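*Asks:* My questions will all concern the structure given below.
Every number here is computed from the coordinates shown, using simple stated rules; none is lab data. What you are looking at is a predicted structure, and each value in this text was computed from that prediction instead of being measured. Here the Cβ is made from the backbone with ideal geometry for all residues, glycine too, and neighbour counts use every protein chain on show.
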Amino acid sequence: MRINLKKSTADKIKLNLRMSQGKKTEILFDLKRAEAYFDRNNSDGWSKGVASCPLNFVLIFSLLH
């Protein structure tokens, strides 16, 4: 999957993965904060929680400009 951010004004991008029967795993890319969040609270009941990590700010800046 490719997302072209050069002409976008988006601050965040959300991907919903493995969606079925009311369950999903959600990944949020916060471009302003340069962070990614991996939310498993509504996934499978086995490993709940939200993990986060920094995004490569140089990569984000080059995509936005």
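*Asks:* What's the local net charge at residue 39, with K and R +1, D and E -1, over the other residues with C-beta under 11 Å away?
*Replies:* +3
*Asks:* Please report, in debye to the nearest 20, how large the charge dipole of the chain is about its Cα centre when each Lys and Arg carries +1 at its beta carbon and each Asp and Glu carries -1 there.
*Replies:* 200
*Asks:* Pulled fully out, how much extra length does the chain show between residue 7 and residue 36, if you take 0.36 nm times their separation in residues and subtract their Cα-Cα distance?
*Replies:* Full extension from residue 7 to residue 36 adds 8.4 nm.
*Asks:* Across every pair of different alpha-carbon atoms, what Kirkwood hydrodynamic radius in Å does the chain reach?
*Replies:* Across the chain, the inverse of the average 1/r is 12.9 Å.
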